[in-house]
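Read the figures in this text as sums done on the coordinates, not as results from a lab. Given the structure is predicted, the values throughout are model-derived calculations rather than measurements. Cβ placement follows ideal geometry from the backbone for every residue including glycine, while neighbour counts extend to all protein chains displayed.
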Amino acid sequence: AAKGVEVLMEVRIDALDITVLKGGGAEVGEWATAHGFRLPPAAPEVLDFYANRSPIFLAAVFDADAAKARGQRIGDGTPVHVTIPTKNPWVPLRILGLGKNAGDRVDADVFLLTDQRPALLPYPFANGMRLDHSAVATDSLLSDLRSDKGMGWVPQSGWLTKIAIDASASQLTYDLAVDAGGTSPSRVAAGLEAPPSPASPSSQPATEEIALIGIALAFLGAIVILRKSQPVTA
């Protein structure tokens, strides 16, 4: 293991080998390189950007042979259910542009289910994000979600928000901060302000603010943050 990196969890889900790591940006980058991940030139800056906000990372390796044995084909997705106790989630968007040219398009959807209408930062408007839906979740949707394995926690009522990401890679210089109470999302979580200095007593993140870099990508259909290029043979 790379010095300074702690492996918190290793698990196999279908054809994915998932590792949850704790460490600084440079240390996680060294770990990734040592484990065969090919990181683009911008990776150190992006890893530091996230490590300064949370030291927890999720890396996934796609096993093409295992996928072929399971009958998976190109384009098939693998759902990953990760539970993180957090009062106010945040969605890592900047990392979606990692490894892309400035003009490359990034298209994804973010779905949020909260107790009430959430406050968002940045607000989706002319910044590569678009608010496609914001309304009380229907009973039929909640019942359908609740019927899935491991989804018994879905509440009896809630607010459904859908945000479409339709941006160039160069636009994604931010993350999406969410205040589930509908008041004041964190500018630090949104990437609009730097975290407090480590010397500051308030710089240590509260437990509820620790998030896994990559959990949002699972919902976006791109669960691999750091990935090996191993195509499935159709």
Task: Residues Asp76, Asp17 arranged by fewest to most Cβ contacts within 10 Å - done: Asp76, Asp17
- [ ] Determine, for Lys68, Lys149, the number of other Cβ atoms within 10 Å of each Cβ, and report the residues in order from fewest to most.
- [x] Lys149, Lys68
TODO: Can you give me the P(r) profile for region 12-169? Cα pairs, bins 5 angstrom wide beginning at 0, each as a whole percent.
DONE: 2, 7, 13, 15, 18, 19, 15, 9, 3, 0
Open item on the list: Using Cβ counts within 10 Å as a stand-in for footprinting exposure, how do Thr114, Thr83, Thr173 rank, fewest first?
Closed with: Thr83, Thr173, Thr114
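Past the 21 angstrom mark, what percentage of all C-alpha to C-alpha distances in region 83-210 do you count? Can you show the working numbers first?
Working: 3872 of 8128 pairs.
The answer is 48 percent, as a whole percent.
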- [ ] Give the residues of region 38-82 whose amide nitrogen is closer than 17 Å to a point set 7 Å from the Cα of Asp148 in the direction of its Cβ.
- [x] 76-82
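How much net charge surrounds Val110 when only other residues with a Cβ under 13 Å from its Cβ are counted (Lys, Arg +1; Asp, Glu -1)? Mind dumping the intermediate values first?
On the way: positive: Arg130, Lys162; negative: Asp107, Asp109, Asp132, Asp166, Asp175.
Residues near Val110 contribute -3 overall.
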- [ ] Only Lys, Arg, Asp and Glu count, each charged at its Cβ (+1, +1, -1, -1), so figure out the dipole size of region 83-210 about its Cα centre, rounded to 20 debye.
- [x] 120
- [ ] At a Cα cut-off below 28 Å, give the lysines reachable from Lys87, other chains included and same-chain residues fewer than 8 away excluded.
- [x] Lys22, Lys149, Lys162
